[in-house]
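What follows is a set of notes on a single structure, which appears directly below.
Where a number appears in this text, it was derived from the coordinates with a stated rule and is not lab data. Here the structure is a predicted model, which means the values were calculated and not measured. Note that each Cβ is placed from the backbone with ideal geometry, even for glycine, and that neighbours are counted across all protein chains shown.
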Amino acid sequence: MTAQLISGKELSQEKRVEMKSDVEELKRKGITPGLAVIIVGHDPASQTYVRGKQRACEEVGIHSLLIELEEDTKEEELLAKIDELNVDEAIDGILVQLPLPSQINEQAVIEKISPAKDVDGFHPINIGRMMTGQVCFLPCTPHGIVEMVKSQQIELEGKHVVVVGRSNIVGKPVGQLFLNENATVTYCHSRTNDLKQYTTQADILIAAAGKQHLIRGEHIKAGATVIDVGIHRLDNGKLTGDVNFDEAREKAAYITPVPGGVGPMTITMLLHNTILSAKRSRL
Ligand code: NDP
């Protein structure tokens with residue numbers, strides 16, 4: 001069996017075409033959705049991600065405001081900037097690129113962002129609302145993953161989803177979203193004994209461990225759907241994931257590539273949340 005690719009790039013393109021006309025419609029009503037992106041310091045990977053987010057905003061017509069702060073920025077300065085943006089009527093979404101330098105408490109920053117502009121979906125209020133199935137901003141990477149699986153008409157109800165990773169931004173919320181879809185969810189993490197015992201039972205396997213090629217062919221049940229969240233840059237400059245793609249594609253029925261998989265969908269769901277925020281507060 002050779003798995004069918006689930007292209008996040010193609011699905012993103014389709015969704016962005018729809019978003020572009022949505023934004024045009026809003027603009028006709030005098031509303032231009034706005035996203036503020038704050039980056040602290042000069043981490044090259046973060047700069048690449050931020051550039052990607054800005055390009056995507058331009059593509060669909062969202063106004064993007066980039067705020068670049070120095071590496072030694074004090075926490076109070078960053079919190080004050082967020083306060084300004086929280087009341088800025090031209091800004092519908094605020095995103096602070098993580099990770100932050102060590103002098104800044106990440107959680108304090110996340111909690112400073114108004115839940116109504118928290119387009120990353122990291123604020124405890126949005127997380128709590130997601131867990132209790134209420135209206136909220138869904139976190140972008142997990143939301144993008146569910147959209148990718150749904151795009152293939154793969155049934156979720158009653159399926160066994162195994163998530164490898166339990167971070168607050170990917171692992172935990174993606175499991176919750178699949179639970180909301182009536183799947184049965186198992187979480188694995190660095191203290192899990194015998195990872196393979198769990199992964200080989202997965203109908204849908206989400207690899208979000210941040211460990212290059214952790215998931216090999218032997219970890220995958222024949223016919224499973226494999227979603228590779230990991231991003232790793234190889235010495236030759238190319239990107240690869242948490243899944244050994246060549247082995248996995250021989251076992252899985254569906255697989256996401258790296259690059260061109262979860263990455264573009266994460267950005268697409270950020271655009272989605274920004275437009276949603278503009279509609280919620282300004283229509
Ligand atoms: P974190 O480092 O915050 O979390 C990694 C998780 O994986 C932890 O829960 C950890 O367990 C678990 N883990 C680590 N090693 C193993 C192992 N050997 N076996 C089982 N579990 C393990 O990473 P993130 O969740 O932030 O990101 C994960 C990956 O996804 C990274 O490569 C990141 O670059 C990528 N990423 C991609 C995005 C995209 O848009 N495509 C967006 C966000 C992230 P424990 O809790 O016990 O430490």
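Summary table below
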| read-out | value |
| --- | --- |
| Which listed residue is touching a residue at least 60 places away in the same chain (Cβ under 8 Å) and under 23 Å from the mean Cα position of the chain (by Cα), from VAL109, VAL40, VAL17 | VAL40 |
| Candidates GLU58, GLU84, GLU89, filtered to the one that is more than 17 Å from the chain's Cα centre (by Cα) and closer than 25 Å to GLY263 by Cβ | GLU58 |
| Scope the stretch 109-144; condition of a type in the set (Val, Ile, Thr) and outside any loop (DSSP other than H, G, I, E, B); matching residues | VAL109, ILE110, ILE125, ILE127, THR141 |
| Long-range neighbours under 8 Å by Cβ, at least six apart or interchain, first residue in contact (Cβ under 8 Å) with a residue 60 or more places away in the chain and within 16 Å of GLN152 (Cα to Cα) within the stretch 242-271, second near the ligand (Cβ under 10 Å from one of its atoms) and acidic (Asp, Glu) | ILE255/ASP228; THR256/ASP228; PRO257/ASP228; GLY261/ASP228; VAL262/ASP228 |
| The stretch 213-226, residues that are more than 25 Å from LYS150 (Cβ to Cβ) and buried (at least 16 other Cβ atoms within 10 Å of the Cβ) | HIS213, LEU214 |
| Every residue from the stretch 152-178 that is polar (S, T, N, Q) and surrounded by fewer than 17 Cβ atoms within 10 Å (Cβ to Cβ) | GLN152, GLN153, SER167, ASN168 |
| Any hit, the stretch 276-283, residues being away from the ligand (no atom under 16 Å from the Cβ), part of a helix (DSSP H, G or I), closer than 22 Å to VAL163 by Cα and charged (D, E, K, R) | no |
| Test result for PRO115, within 14 Å of SER277 (Cβ to Cβ) and surrounded by fewer than 21 Cβ atoms within 10 Å (Cβ to Cβ) | yes |
| The stretch 245-263, subset part of a loop (DSSP other than H, G, I, E, B) and charged (D, E, K, R), residue surrounded by the fewest Cβ atoms within 10 Å (Cβ to Cβ) | GLU250 |
| All strands (runs of 3 or more DSSP E) inside the stretch 145-229 with 1 or more residues being touching an Asp or Glu at 6+ places or on another chain (Cβ under 6 Å) and more than 14 Å from the ligand (Cβ to nearest atom) | 160-164 |
